[in-house]
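The values are calculated or read from the model by the stated rules, or taken from the named source; none is laboratory data. Being a predicted model, the structure only gives us computed values, none of them experimental. With ideal geometry, Cβ positions are generated from the backbone for all residues, glycine too; neighbour counts draw on all protein chains shown.
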Amino acid sequence: MKSELLIATNGFTGTWRAIEYGAWFAQSMQMKVTLLGVVEKLSQAAIDEHHPLEDIFTNAVQLFQKTGLEYNLEIRNGEAEQIISARANQGDFITTVSPLGRSRLRHLLSGRSLRGLMEQIKGPILYVPEIRLPLKRLLISAGGLGYEITAENLALQVATLTHADVTILYVIPPTDLDYPTTRDLREHVKDLQDTKTVLGRSLKKALEAAQASGLNAKLITRQGHVVEEIVTELKEGNYDMVCMGSHYSAHALRQLYMPNVTAEVADAVNCPMLTVRRMPG
């Protein structure tokens, strides 16, 4: 069954970015859309008052109709993070979200909403802190040992349909371990894809898949702190989207010291991020 796009809003004006970008994404990928509006803490006295969701839904419908999208509208009451997660897990969705307008105090006490959504939602998440269109340059951050395969496949679909250039990035993390695998990494920084290691074969396969799709694709290897190097590459390369596998990998070397790379990168970037948790198969 083909995935559908679930776009979520709690009425915060900043969530319009998810709707606008989601409409473009759905049109490009030929997907159906469900717009989920969450009414939070609605008091009895406010029932008859004008709610921000009304304007957002009105504008969203106009946008969907203008772009010819097939869409459904849903309204639910409750805490946005809980409602979005529960609804996302009820179907085969790519869930599209923007910052929900939480206070700095709430961020300090319970963390950013995106982290909780990433932990709870099983399917892909398209996070839109800012709109970057047209999509010309797409970065795939590769873990290299399999857990990001689904993310790579989805990213290549997006790149193929939008004719975006693709860069596959692998970051060699700092480590004092002297295992054969780490020695191979240090000795073959510039030609990992040409080695016969598991990592090398995985990176080569990813690059060949991109090229076989007719894309202008290249592989870049960097060394250093994984999050810092990914963020630096995003800024220096002026990418329009980054695609990452989830931090739930049990095999990537980086997990030894950074269990939540994807969430850390999401906190630091201003371009849309497509993150995929599930394994292929």
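Here are a few things to note about the model shown:
- Annotation for the stretch 224-240: at least one member residue is assigned by TED's automatic domain parsing to the domain that holds Leu156, closer than 22 Å to Ile7 by Cα and at pLDDT 95 or above.
- For the stretch 161-204, a residue qualifies if it is at pLDDT 90 or above and either touching a Cys at 6+ places or on another chain (Cβ under 8 Å) or surrounded by 15 or more Cβ atoms within 10 Å (Cβ to Cβ) (or both), and the qualifying residues are Thr162, Ala164, Asp165, Val166, Thr167, Ile168, Leu169.
- Spans of helices (runs of 4 or more DSSP H) in the stretch 1-114 with at least 2 residues at pLDDT 95 or above and of a type outside the set (Lys, Arg): 16-29, 52-67, 80-88
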